[in-house]
1. For the range B:111-207, which whole-number percentage of the solvent-accessible area (1.4 Å probe, protein heavy atoms only) is attributable to carbon and sulfur atoms?
2. For the range A:60-117 and the range B:327-366, what is the separation of their C-alpha centers, rounded to whole Å?
3. Counting alpha carbon pairs within less than 8 Å and at least 6 residues apart, what relative contact order, in whole percent, applies to chain B?
4. Could you tell me what percent of the accessible area of chain A is made up of carbon and sulfur, with a 1.4 Å probe and every protein chain present?
5. What figure in square angstrom, to the nearest 10, would you give for the accessible area of B:MET366 with a 1.4 Å probe?
6. Springs between alpha-carbon pairs under 10 angstrom, Gaussian network model over chain A: which of A:ASP62, A:ASP19, A:ASP112 fluctuates most?
7. Applying 1/(1 + (r/R0)^6) with R0 = 56 Å to the Cβ-Cβ distance of B:THR29 and B:ILE135, what FRET efficiency is obtained, to the nearest 0.05?
8. Cross-link candidates for B:LYS340: which aspartates and glutamates have Cα within less than 14 Å, leaving aside residues fewer than 8 places away along the same chain?
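The values are calculated or read from the model by the stated rules, or taken from the named source; none is laboratory data. Since the structure is predicted, the reported quantities are computational estimates derived from the model, not experimental observations. Note that each Cβ is placed from the backbone with ideal geometry, even for glycine, and that neighbours are counted across all protein chains shown. SASA here: full protein model, heavy atoms, side chains in, ligands and nucleic acids out. Shrake-Rupley method; radii C 1.70, N 1.55, O 1.52, S 1.80 Å.
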Amino acid sequence: MSDKAKGKMTVFKTDRHEDAAAMVFVSLVVAFVLVYMAYVVPTITIKPSQDGKLVAVAVQPDQEIKKGDVMYTFEYTDKKFVNGQLEEKIATKDVKASTNGKVLSVSVKEGDALKKGKTAILVMDHEKGTLP
Amino acid sequence: MEEKSRVANILAIVPGLAVMVGTLFLLRTYVEPWMKDAVVLGQKGWLVKVLSLNYILLSIIAGIIYRNVFFGGRIPDWAEAGFRTTRLFIKSGVIMLGSLYTLQKLAKVGSIAILLISTFVFGTVFFVIWYGKRIGMDRSMIGVMGASCGVCGVSAAVATAPGVNAKPSEVALAIATILGFGIMTMFISPFIGKALMMSDYQFGAWVGTGILNSGQVLATCLAFNPTFAPGTAVAYGEIWNVVRVISIPFVVFIVTTWACKSEAAESCDATGQKMDMAKVFKDRFPIFVLGFFGMTALSSLGWLGAEGSNTLHLLRDVMSWIFGIGLVGQGAYIDFRELKRAGGKPLRVGLVAGTLKYVVALIVIMLFVSKDASF
């Protein structure tokens, strides 16, 4: 490595080049993720976005679902600051399909505990070209 | 010939980058899960719950250990090019964070962020100039310290150096002082935030104002709340961080103009011309923040998938890996020997200005920023 390069904090000629490279890199990453999710990924496993308890499953295996259809309802603890005070209350939430598709399997039942990002609720196929 | 050297340059990146990626892989796959289950002082997950240690903080610690223990204080030649991709990853991560917002959400908190950041950035710059002069620090050192303490430890120091004729050693000292201060605040801020029962909004605003480095802002926010999602500490902290980064050209202009006025024209710029704000803005504007707003625009249009979708989940997972790789590298730029060398006046100015900003920002946030989430 040349002495000139030593001590520099970037592999690029200037900071401006590094900024541009970061934008190109992110564009490629985002394009890859979107294409992968829209066209390549074979099935989608739906997992909860927060801890809670399953109240109802509104779909069953082999059922065709449309974007916006309710897939399941769960109960969770909603924590929110209201007028400076932390309020906790039990709330329920309907989780809707973000794309058209077909339910392949359902692996939970009413009353089951849901662990954020861990519990597999259902597996579905999705319409190619859409983002699940 | 040029082609060959370009290929060689790219290949030179591989070993160091492999160390960074491999380290993050080990931390995420083995170390963090082990810490979540480990029983310390009779409590399961004590290391994570009480010490707020997650893979993000561990990445920085691993980098520090590489540099100061395994590498003997200097990144070896075989790894140096790879570690110099650190800022590329941090900047890429910041751009991807734009996906956490919509334009409406950004507008909602943007004005508060601009007000607070402007006050603290320029207040700190003027304080450092005043205090540095008072204790007899060199003008060039005052310039880089002012920019480092005011806006951003690394980028602003590097951007200001030519305008104030700072020596590379002065830039290194300023960066070491500020990163060292940041490391301290990174570990104590989550405790303070939890002790004061700060909301994610308040914590993000405080850390985004009081901590001076993009990577450290992110790591501190994730130590407080490890979730990458709208409405979390990292989502708020990053708005403040981006506003701070945007202020770099303004700070460069002010510091350089001050240096020009305080000592003839020799430091005005390389050609002896007076500094021109438009030129500084054109030359120094950190264009990667345009990428951040680009991501926010895509998110607002719904082109990145719906909130809670598997697509956004994957995108955020990739983002967390990109940040993690960058933070291993960031840790490796913290050299305790340099920190020791930074002693004396620069360290005094850095600590006083950094602490003042950190504490006053905390008081202002607690008094004037509501706990209620803004979005």
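1. Carbon and sulfur together cover 73 percent of it.
2. 44 Å
3. 29 percent
4. Details: 4150 of 7750 Å².
Reported share for carbon and sulfur atoms: 54 percent.
5. About 70 Å², ignoring ligands and nucleic acids.
6. Checking each option, the largest mean-square fluctuation is seen for A:ASP19.
7. Working: r = 49 Å, r/R0 = 0.87.
Rounded to the nearest 0.05, the efficiency is 0.70.
8. Reachable aspartates and glutamates: B:GLU170.
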